[in-house]
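The values are calculated or read from the model by the stated rules, or taken from the named source; none is laboratory data. Just so it is clear, the structure is predicted and the values come from calculations on it, not from any experiment. Please note: Cβ atoms are built from the backbone with ideal geometry, for glycine as well, and neighbour counts cover all protein chains shown. These area figures cover heavy atoms from the full protein model, side chains too; ligands, DNA and RNA do not enter into them. Shrake-Rupley method; radii C 1.70, N 1.55, O 1.52, S 1.80 Å.
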Number of protein chains: 2
Amino acid sequence: MCGIVGYIGNNSAKEVLLNGLERLEYRGYDSAGIYLLNQDGQFGQLYKEQGRIAALNDKVNAAETTNMGIGHTRWATHGVPSVSNAHPHQSASGRFTLVHNGVIENYQELKADYLADVDLQSETDTEVVVNVIEHFAQTENLDGKEAFKKALAVVEGSYAFALIDNQTPDRLYAAKNKSPLLIGHGEDFNTIVSDAMASIDITNQYIEIHDGEMVTLTNDEVVIENRDGQEISRDPYTAALDANDLGKGTYPYYMLKEIDEQPAAIRRIIQEYQDDQGQLTIDSEIIAAMQASDRIYIIGAGTSMHAGLVGQALFEQLNGIPVEVHVASEFAYNMPLLTEKPFFIFLSQSGETADSRQVLVQVNELGYDSLTITNVKGSTLSREASYTLLLHVGPEIAVASTKAYTGQIAVMAVLADVLANAQGRKLDFDMETELSLVANAMETVVDDKDHLHEIATQIFTDVRNAFYIGRGLDYYVSCEAALKLKEISYIQTEGFAGGELKHGTISLIEDGTPVLAVISQKDTAAHTRGNLEETRARGANTVVITMEGMERQDDQIVIPAVHSLLAPLVTVVPTQLLAYYASLDRDLDVDKPRNLAKAVTVE
Amino acid sequence: MCGIVGYIGNNSAKEVLLNGLERLEYRGYDSAGIYLLNQDGQFGQLYKEQGRIAALNDKVNAAETTNMGIGHTRWATHGVPSVSNAHPHQSASGRFTLVHNGVIENYQELKADYLADVDLQSETDTEVVVNVIEHFAQTENLDGKEAFKKALAVVEGSYAFALIDNQTPDRLYAAKNKSPLLIGHGEDFNTIVSDAMASIDITNQYIEIHDGEMVTLTNDEVVIENRDGQEISRDPYTAALDANDLGKGTYPYYMLKEIDEQPAAIRRIIQEYQDDQGQLTIDSEIIAAMQASDRIYIIGAGTSMHAGLVGQALFEQLNGIPVEVHVASEFAYNMPLLTEKPFFIFLSQSGETADSRQVLVQVNELGYDSLTITNVKGSTLSREASYTLLLHVGPEIAVASTKAYTGQIAVMAVLADVLANAQGRKLDFDMETELSLVANAMETVVDDKDHLHEIATQIFTDVRNAFYIGRGLDYYVSCEAALKLKEISYIQTEGFAGGELKHGTISLIEDGTPVLAVISQKDTAAHTRGNLEETRARGANTVVITMEGMERQDDQIVIPAVHSLLAPLVTVVPTQLLAYYASLDRDLDVDKPRNLAKAVTVE
C-alpha cells in the first residue's frame, strides 16, 4: 500500500528518501513524491510524479542538499492516480507539509466544519488534514505541534502521518492510528518509516509506535507521547531484515527468484523448527492452546486465505479439529457464530494486512487465543496476537506472493505434525521426510522452466479468460493458481471446484479457452478428468497438472510423487511459473502489476 | 442435462416423442435424436440432429407413423456434440437401440473385455453399452431382456436407460441407477421419461423407479424387477405439474416471465405456509429436528448454493444455530468434520442435482436428518431426504434460475421464523409483513425495466469482464448476480467480497470495466463504497445498487426499503434484469445458454 519515509539527521536527506522509496516500491504504488526542507526553513522543495520512481529520481538528484525531508509512495484510494493527488500535500499557505497512509473517514465533515474558505487542490483526504492543522495554527494561534495534536483529536480513521512545519526546521512530527509506523533510530539521525525495509540500509534499530501516539523527532531525540500528552519511553528492537536479501541478483524479476527459492525455503523451515535432536518442535504454549480449542478459525486475505484452505485440510485430517477458513474483510463485519473455545490463526506475509488486523482487534477484545503466521518479525499482527510463528522464507518483494504461500503451508504442516504428536495421534508418515521430498520435487519443477514457458505461450497467448479446476486440495490450489495468473497477466481467471463448473460457468467455455486441471488426489482424479472432458467437448484447450503414478498419456505437466496432503506445495509451483511466463509474454511488469499493493494496509 | 422420453401405446409415438423432447429442451442439450419402430419390428427409423430440435421436427414429422419409439436430448459429457455422438445409439447389427442419461465409469474396460472386434461409430459410453447387450445376446444366445440384464450386471456408473430390441416390437425396456427415471402411465399407453414434464400433457400418473431396478413396458403393463429378479409392485402418484404453467405466453423468453413472476411467487409462498389462523407454519417434525441439531449444513450447487449463503445468515441471526454452506460436489468427496448433531438442508430447484444427491446418499448412510427444499414434488432429493419443503413458485423453464433462487430464500425465511417461535426467540419484526413488503418492492423493480435495460446497454456493451462487489449479504447477492450475468451473457464476471478485491484481483480493473456494488447493509455500506471508489480510481465504470434511505446522489439503482435480512430477495432482481438485457443486447438465446443444462443430473 502507500509507503512513508522521513529523515532528519546529519547526512543528506534526499539519498535516504530516494533509497527508501525504492525499497518501498515493491509494495505497489501509482505515484510518489518528496518534500525537502533546509535548516533555515526557507527553501522547501516539493517534487511529485505519477508512475515509476525513476522519473522522480532525476529531479530530486538535482535538488539542493538538505538534512531533512519526507517522502511517500501512493496507492490511490480516494481520487485517481495523478500528480495533484500524489503526496506530500501542503497547507494553503505552504507552511505545513504532510504525508499520510490510511483513510480518514470524516474528511467530508472536517472540510465542511473547518475549511469552508480553503481552495483545495486535490481530491484527497490528506490535503484536508494538513489544512485543518493550519486552520488550528492560525485561528487558535498554536505552534505546529499543538496544532497537529488538535487536528489529531478531530480526525477519525486510520493514519500514519509524517509532518513538517516550516517554522520548526529542526524537527519532524509523526502520528499513528491503525496504519503501520516505525521510528528508525541511528547515530545522529532518525527516520519515520511505514516499513523497516525503507531504511534498513542505514539502521536495524526500530522503535514501535502504538495507536494514538504522536512522535517528535530531532537528529538525536525521539519523544513519544500518548493521547493524554504523557511521554512514553520505549526501547528500540533489532529488525531481522538483512539488506543483502533484498537484491534480485541476476534474476530479471523478483518473482522468478522467489519461485526458485522455494525448495531452499522449505528446507530452512524444517531446520528452523527442529530441536537439538532433529525433531520438529513448536512452542508448547501454542500446542496447548490448540489442543484446548474445539474449532480453529483461519483468517486471511488473497493468497494467504488460499494457504489457509490447505491448512484446513491439514488440521482436520491430522488433528481431528474442525476448521473454518474466512476471508478477513468478511469476518470483520459478519462474524459467524463461534464455538465455545475457538482458536484463531492469522495468515499474513507482511503481518500488516489491515483486514486481518481488524479481525484480530475483535478477537483480542473477546479474549480468545490467536496465532499469527507471518514472514515479518515484529509486524503488527505478530505483536498483537497471542503467539507468532515465522515463515523464515526471507523477504518477499514481488507483489504476487509465491514462497510465502508455500511457506505458510509448510509451517502449518509442521504445526499439525507437532500437534498430532502431542495429541497422541500416530501419523503414518514422517513429516520431515515428506517435506524434504517436497523440496526435492519443487526443484524438479523449477528446473523445467522451458517446458512450462512453452505451455504458457501456447495456451495463454491472445486469450481473454482461463480456468483452473480441481477438487478438494486440488481445488484450493486452483484458487491460488487462478489468482496468480490473474493478478500478473490480467487474464480473467477463475479457480473452480471441478464439479461446480457445470452449474453455470461452463457457458463461458468456447474454442480455445484454457482450462487447466490440477489432479493430485486419487479419490477425485477420475471425476476431475470427467469435468475436464466436459470442457474439452466444448472446445477448451485443456492442460493437466498431475503427479507421477497418476498420469495418463498426453498429460502435459507431471510433478514427482509426494505425500498427497502436501501435494499443494508442489502442484502450485508450475502454476506460478505459468503465470510468470504469461505475464512476461505480454510484456508486463511481472513484479509490479498495475493497481496492486504488496501489503494491503487499508481495509 | 440429458433428457429421455419413450412411448409405447395405441397412438402415434412420434408426436409424443417430439412434444416430450421440446418439453425437455429447457434442460439444456446440444443434440437430439429419435428412434421409431413399427409393430412388425421391420422398419426402424433413426433420426439424429445437432443443435435445436426444430431441425429434427421436420424429418420426424415426415416419418412413418409407429406406436413405439424412444427419444433423447444430449448434453455432451464424453465426446463433442455431433450427430454421431447423439443418441439413440445402435448395436453393430442394428438390432438394439439405446438412449442413456448418466456416465458409465468402466466403459473403457467393457470395450476391452467384450468389444475387441466391434467397430464403434461414436466416442460415447452409450454405444459401448448397447454393443455389450448385443454381445451377450449373440455369444450366450440370450433374448433381449436377458441380455440387457446381463449387461446391467457388468456396467458400473450412473444411468437411466431406455432400450428397444427389434425382435420384441411390443415392448420397451428401461433401467435406472443414480440418474432420474420415471414411468408415465396412461390408458393403453406407457411412457419412459427422465422428468415428468416430458409427458405431462398426456398423463399425470407416474411410477417411481429405484436404483438397480429394471422395467419392461407394454401398452398396458409395467413390470418392475429388482436386481434379484423379484417383481416389485408400486402404485403411481399424481404429478403436481400443470401443463398450462409451461407456456411462456406473450413473453419473448421464459427468463423474463419468471423474473416477473417473483412478487406473485413470494406471496404464494406466504399463503402456502400459512395455517388456518394466517400464522406461518412448518411441519413440526422439521422444527423439532432443527431444534435438536447443533449445526446446520446447507448443501447446494450453483445458484442454489448462493441461496444457501443467505440461508446461513437467516438461521444464524434468527435462530442462533451455526451454519455451514457447502458446494455439493466438494462436500461429497471432502466431507468436513461434522458436529455431533448435524442437520442437513439440500437446496435444489429440480430436486435431481446429482452432486447434491451424492451427498444425500452419504448423509442417509450416516443416519442424519435432512430436509430438501425443492420446486419439484416427488423428485429424487425430495423422496430420499427425511423431510421436504416445496418452493411453490411454479415450473422454472429458463436455464438461468431466478424465481427458484428467491423462492428458496423466502422458504428459508419462513422456516427461520417458525423455528424462532418454537425456540421462544422473540423477533423484532413480523416475517409475513416483511415478506409482503419484499413482494411489493420486487414489483417496483420489475416495473423499472426500461431504466435497467439502459444501464445494461451502457455498461456491458463490448466488455470482456465485469465484477459485482458487496459485503456480507450483499456479497452473497454479488455471487449470484455474477453467475447470472456470466451464464447468459458470457461476460466473465466474478462476485467478490468488497474487501477482498484489492488482494490481487483489482489488477484486472481497467478503463471501462463494469464494477457493480450491492449496498443494502448499513454496517458495511461505507466500506463497500470505499472499495468501489478504489476501482473507480482505476477507471472502472461503476454502478451502485442500493436501498432507499441509504442512497447517495448519482446512485443508479435504488430499491424500495425492506428489512435488511431480506434485502437479498430484492437487490437480486435488478441484477437478474441486467443479465437478461446484457444477453438480449448480444443477441444470445437467453433461455438456453450454450453448454448449459437446467437440471444437472450427472456429477
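Where in segment B:226-306 are there helices (runs of 4 or more DSSP H), lying wholly inside it, with at least 1 residues that are touching a strand residue (DSSP E or B) at 6+ places or on another chain (Cβ under 9 Å) and either within 14 Å of another protein chain (Cβ to nearest Cβ) or at pLDDT 90 or above (or both)?
In segment B:226-306, B:262-272, B:284-291 are the helices (runs of 4 or more DSSP H) which contain 1 or more residues that are touching a strand residue (DSSP E or B) at 6+ places or on another chain (Cβ under 9 Å) and either within 14 Å of another protein chain (Cβ to nearest Cβ) or at pLDDT 90 or above (or both).
Does A:ALA151 satisfy being outside any strand (DSSP E or B), surrounded by 19 or more Cβ atoms within 10 Å (Cβ to Cβ) and among the small types (Gly, Ala, Ser)?
The answer is yes for A:ALA151.
Please specify each residue of segment A:566-596 satisfying the condition of being at pLDDT below 95 and either within 15 Å of A:TYR254 (Cβ to Cβ) or more than 14 Å from chain B (Cβ to nearest Cβ) (or both).
Passing the criteria: A:ASP587, A:LEU588, A:ASP589, A:VAL590, A:ASP591, A:LYS592, A:PRO593, A:LEU596.
So in segment A:566-588, with the set limited to residues that are open to solvent by 10 Å² or more (accessible area, probe 1.4 Å) and either assigned to a helix (DSSP H, G or I) or in contact with a His (Cβ under 7 Å, 6 or more places away or on another chain) (or both), which one is farthest from A:LEU318 (Cα to Cα)?
Among residues in segment A:566-588 that are open to solvent by 10 Å² or more (accessible area, probe 1.4 Å) and either assigned to a helix (DSSP H, G or I) or in contact with a His (Cβ under 7 Å, 6 or more places away or on another chain) (or both), the one farthest from A:LEU318 (Cα to Cα) is A:ASP585.
Inspect all residues belonging to segment B:26-47 and state whether any of them is open to solvent by 30 Å² or more (accessible area, probe 1.4 Å), under 22 Å from B:ASP201 (Cα atoms) and not hydrophobic (A, V, I, L, M, F, W, C).
No, segment B:26-47 has no match at all.
Give all pairs with beta carbons closer than 9 Å in which a residue from segment A:507-535 that is on the phi > 0 side of the Ramachandran plot meets a residue that is assigned to a loop (DSSP other than H, G, I, E, B) and surrounded by fewer than 19 Cβ atoms within 10 Å (Cβ to Cβ); count only pairs at least 6 apart in sequence or on separate chains.
As it stands, the answer is A:GLY512/A:ASP462; A:GLY512/A:VAL463; A:GLY512/A:GLY539, since those pairs meet every condition given.
When the residues of segment B:488-500 are filtered to those that are open to solvent by 10 Å² or more (accessible area, probe 1.4 Å) and at the interface with another protein chain (Cβ under 8 Å from one of its Cβ atoms), which remaining residue is nearest to B:ASP591 (Cα to Cα)?
Ranking the candidates gives B:TYR490 first.
Which members of segment A:98-129 meet the condition of being more than 14 Å from chain B (Cβ to nearest Cβ) and closer than 20 Å to A:ASN177 by Cβ?
A:LEU98, A:VAL99, A:HIS100, A:ASN101, A:LEU110, A:LYS111, A:ASP113, A:TYR114, A:THR126, A:GLU127, A:VAL128, A:VAL129
Just to be sure, is A:LYS176 within 28 Å of A:THR353 (Cα to Cα), of a type in the set (Lys, Arg) and open to solvent by less than 20 Å² (accessible area, probe 1.4 Å)?
For A:LYS176, the condition - within 28 Å of A:THR353 (Cα to Cα), of a type in the set (Lys, Arg) and open to solvent by less than 20 Å² (accessible area, probe 1.4 Å) - is met.
Of the conditions (1) within 11 Å of chain B (Cβ to nearest Cβ); (2) over 29 Å from the mean Cα position of the chain (by Cα); (3) surrounded by 23 or more Cβ atoms within 10 Å (Cβ to Cβ), A:THR546 clears all except one; give me its number.
For A:THR546, the failing item is (1).
Quick test for you: out of A:LEU381, A:LEU435, A:LEU371, A:LEU390, pick the one residue that is among the aliphatic types (A, V, I, L, M), open to solvent by 30 Å² or more (accessible area, probe 1.4 Å) and either within 21 Å of the chain's Cα centre (by Cα) or not assigned by TED's automatic domain parsing to the domain that holds A:THR575 (or both).
Result: A:LEU390 is the single residue among A:LEU381, A:LEU435, A:LEU371, A:LEU390 that is among the aliphatic types (A, V, I, L, M), open to solvent by 30 Å² or more (accessible area, probe 1.4 Å) and either within 21 Å of the chain's Cα centre (by Cα) or not assigned by TED's automatic domain parsing to the domain that holds A:THR575 (or both).
Yes or no: B:VAL438 more than 14 Å from chain A (Cβ to nearest Cβ), outside any loop (DSSP other than H, G, I, E, B), over 16 Å from B:MET547 (Cβ atoms) and not basic (Lys, Arg)?
For B:VAL438, the condition - more than 14 Å from chain A (Cβ to nearest Cβ), outside any loop (DSSP other than H, G, I, E, B), over 16 Å from B:MET547 (Cβ atoms) and not basic (Lys, Arg) - is not met.
Suppose we filter segment A:179-225 for residues that are part of a loop (DSSP other than H, G, I, E, B), within 25 Å of the chain's Cα centre (by Cα) and touching a residue at least 60 places away in the same chain (Cβ under 8 Å); how many remain?
8
Only residues that are farther than 16 Å from A:VAL602 by Cβ, more than 7 Å from chain B (Cβ to nearest Cβ) and open to solvent by less than 30 Å² (accessible area, probe 1.4 Å): list them for segment A:326-338, please.
A:PHE331 - this is the single residue of segment A:326-338 that is farther than 16 Å from A:VAL602 by Cβ, more than 7 Å from chain B (Cβ to nearest Cβ) and open to solvent by less than 30 Å² (accessible area, probe 1.4 Å).
Would you confirm, using the coordinates I've provided, whether B:ASN204 is surrounded by fewer than 21 Cβ atoms within 10 Å (Cβ to Cβ), in contact with a strand residue (DSSP E or B) (Cβ under 6 Å, 6 or more places away or on another chain), over 21 Å from A:GLU534 (Cα atoms) and of a type in the set (S, T, N, Q)?
The answer is yes for B:ASN204.
If A:TYR254 satisfies all but one of (1) open to solvent by 40 Å² or more (accessible area, probe 1.4 Å); (2) free of Cβ contacts under 8 Å to residues at least 40 places away in the same chain, what's the number of the condition it fails?
(2)
Kindly list the number of the only condition in (1) in contact with a Leu (Cβ under 7 Å, 6 or more places away or on another chain); (2) without any contact (Cβ under 8 Å) to a residue 24 or more places away in the chain; (3) part of a loop (DSSP other than H, G, I, E, B) that fails for A:PRO169.
(2)
Please state which one of A:ALA517, A:ALA525, A:ALA540 is more than 26 Å from A:LEU584 (Cβ to Cβ) and either of a type in the set (A, V, I, L, M, F, W, C) or facing chain B (nearest Cβ under 10 Å) (or both).
Result: A:ALA525 is the single residue among A:ALA517, A:ALA525, A:ALA540 that is more than 26 Å from A:LEU584 (Cβ to Cβ) and either of a type in the set (A, V, I, L, M, F, W, C) or facing chain B (nearest Cβ under 10 Å) (or both).
Within segment A:451-472, is there a residue that is open to solvent by less than 10 Å² (accessible area, probe 1.4 Å), within 12 Å of chain B (Cβ to nearest Cβ) and touching a Pro at 6+ places or on another chain (Cβ under 6 Å)?
Among the residues of segment A:451-472, at least one is open to solvent by less than 10 Å² (accessible area, probe 1.4 Å), within 12 Å of chain B (Cβ to nearest Cβ) and touching a Pro at 6+ places or on another chain (Cβ under 6 Å), which makes the answer yes.
Filter segment A:68-118 down to the residues that are hydroxyl-bearing (Ser, Thr, Tyr) and under 22 Å from the mean Cα position of the chain (by Cα), then identify the one that is least open to solvent (accessible area, probe 1.4 Å).
A:THR73
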